[in-house]
Amino acid sequence: MPWNPNLYHRFQAQRSEPFEDLLKLVRVRPRLRAVDLGCGTGELTARLADTLPECDLLGLDLSAEMLQRAVENVRPGLRFEQGDQAHLDGQFDLIFSNAALQWSGDHPGLISRLFGCLAPDGQLAVQVPSNHTHISHRIILEMAAQEPFKSALHGFTRQTPVLSIEAYADLLFTLEAQAILVFEKVYPHVLADSDAVVDWISGTALVPYFERLDPAMQTEFTDAIRVRMKQELPAQPVFYPFKRTLFSAVKPS
C-alpha cells in the first residue's frame with residue numbers, strides 16, 4: 001500500500017499513546033533478539049531499542065516510503081529491512097508489533113506463525129486497532145458501496161481481520177502460551193472537527209481504497225466521506241473514542 005509518512009504523522013502524538021502502553025508489557029531483559037513488525041518510520045522502534053539493553057532489534061516493514069524515513073534511526077543494535085510481517089521467519093526473544101498486524105489477514109494463522117518464531121521463553125507483544133465499529137469506518141463502507149465509487153473500486157471493501165479479545169485469549173491458550181494478557185482500551189481523542197477525523201483515517205483506513213483509485217477519484221471519494229462525516233459528527237470539537245486491543249504472551253521455556 002502507498003503509505004504517506006507525512007499524513008500518517010499528522011496525529012503522531014495520539015498514535016504514540018498505545019505504543020507506550022504496549023511498551024509497558026514488554027519484559028525487559030539484556031541482549032534480546034527482537035523484531036518490530038510494521039515499524040513504519042522507525043521513531044517508535046528506536047524508542048523500543050532505548051528500553052532494551054544490548055539488544056539486536058530489527059524493524060520490519062513492507063512500505064518503501066516508510067523505510068526511507070526509518071533509515072535515519074539506524075544505529076548499532078538497530079536496523080531496518082523491507083519485508084512482509086505475515087511471512088516472518090527466524091527466531092526471536094521478542095516479537096513486538098504496534099498497530100500493524102491489522103493489515104495482515106487470517107489472524108489465527110498469523111498469530112500461530114509468529115508464536116512459532118519465538119525462542120523458548122520469548123514474548124509476543126501486540127497492539128491492533130479495534131475501532132472498526134466506529135461511525136467513521138461504517139461511512140467508508142457506505143461510500144464504497146455507492147456509485148461511482150463501487151465501480152471504480154471494482155466492488156472492493158476492506159473487512160478487518162482483528163479478532164475479539166476472547167478469541168485472541170483462546171488462541172494463545174491453544175498455543176500453550178504462558179502469562180497470557182489480553183485487553184481492550186479506549187483512547188479518548190479530541191479532534192477539532194469532523195474533517196480532522198477524515199484526515200486521521202486518510203492516513204490509515206482509507207489507504208487500501210486510495211491505492212485502487214486514480215487521484216481525481218481519490219479526491220471525490222474523500223470529499224463524499226467528509227460530507228457524510230459532518231452529518232454524523234457535527235460537533236466542534238469532536239470526541240473520537242478509539243478502541244485498541246493489546247495482548248502479550250510468553251512461549252514456554
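Would you say residue 229 is in contact with a helix residue (DSSP H, G or I) (Cβ under 9 Å, 6 or more places away or on another chain), surrounded by fewer than 19 Cβ atoms within 10 Å (Cβ to Cβ) and either closer than 25 Å to residue 100 by Cα or not acidic (Asp, Glu) (or both)? In short, no.
Condition check for residue 216 on (1) under 26 Å from residue 126 (Cβ atoms); (2) among the small types (Gly, Ala, Ser); (3) at pLDDT 95 or above: one failure, at (1). In this entry, residue 120 passes the filter for residues that are in contact with a Ser or Thr (Cβ under 9 Å, 6 or more places away or on another chain), surrounded by fewer than 21 Cβ atoms within 10 Å (Cβ to Cβ) and under 22 Å from residue 29 (Cβ atoms).
Would you be able to say whether some residue in region 76-98 is in a loop (DSSP other than H, G, I, E, B) and under 22 Å from residue 168 (Cβ atoms)? For region 76-98, residues in a loop (DSSP other than H, G, I, E, B) and under 22 Å from residue 168 (Cβ atoms): present.
When 32, 78, 58 are checked against the criterion of being farther than 30 Å from residue 231 by Cα and in contact with a Lys or Arg (Cβ under 7 Å, 6 or more places away or on another chain), 58 stands alone in meeting it.
Residue count for region 47-71 under the criterion of being surrounded by fewer than 17 Cβ atoms within 10 Å (Cβ to Cβ) and either over 19 Å from the mean Cα position of the chain (by Cα) or not in a helix (DSSP H, G or I) (or both): the result is 5. In this structure, residue 233 does not qualify as within 30 Å of residue 91 (Cβ to Cβ) and among the aliphatic types (A, V, I, L, M).
Scanning region 129-169 for residues that are among the hydroxyl-bearing types (Ser, Thr, Tyr) and either part of a helix (DSSP H, G or I) or surrounded by fewer than 16 Cβ atoms within 10 Å (Cβ to Cβ) (or both) yields 133, 136, 151, 157, 164, 168.
Residue 52 meets all of the listed conditions (1) of a type outside the set (Phe, Trp, Tyr); (2) in contact with a helix residue (DSSP H, G or I) (Cβ under 7 Å, 6 or more places away or on another chain); (3) closer than 20 Å to residue 249 by Cβ but one, namely (2). Is one or more of the residues making up region 173-190 over 16 Å from the mean Cα position of the chain (by Cα), buried (at least 19 other Cβ atoms within 10 Å of the Cβ), part of a helix (DSSP H, G or I) and in contact (Cβ under 8 Å) with a residue 40 or more places away in the chain? No, region 173-190 has no match at all.
The values are calculated or read from the model by the stated rules, or taken from the named source; none is laboratory data. Values in this document were obtained by computation on a predicted structure and should not be read as measured data. All Cβ positions, glycine included, derive from the backbone under ideal geometry; neighbour counts span all protein chains shown.
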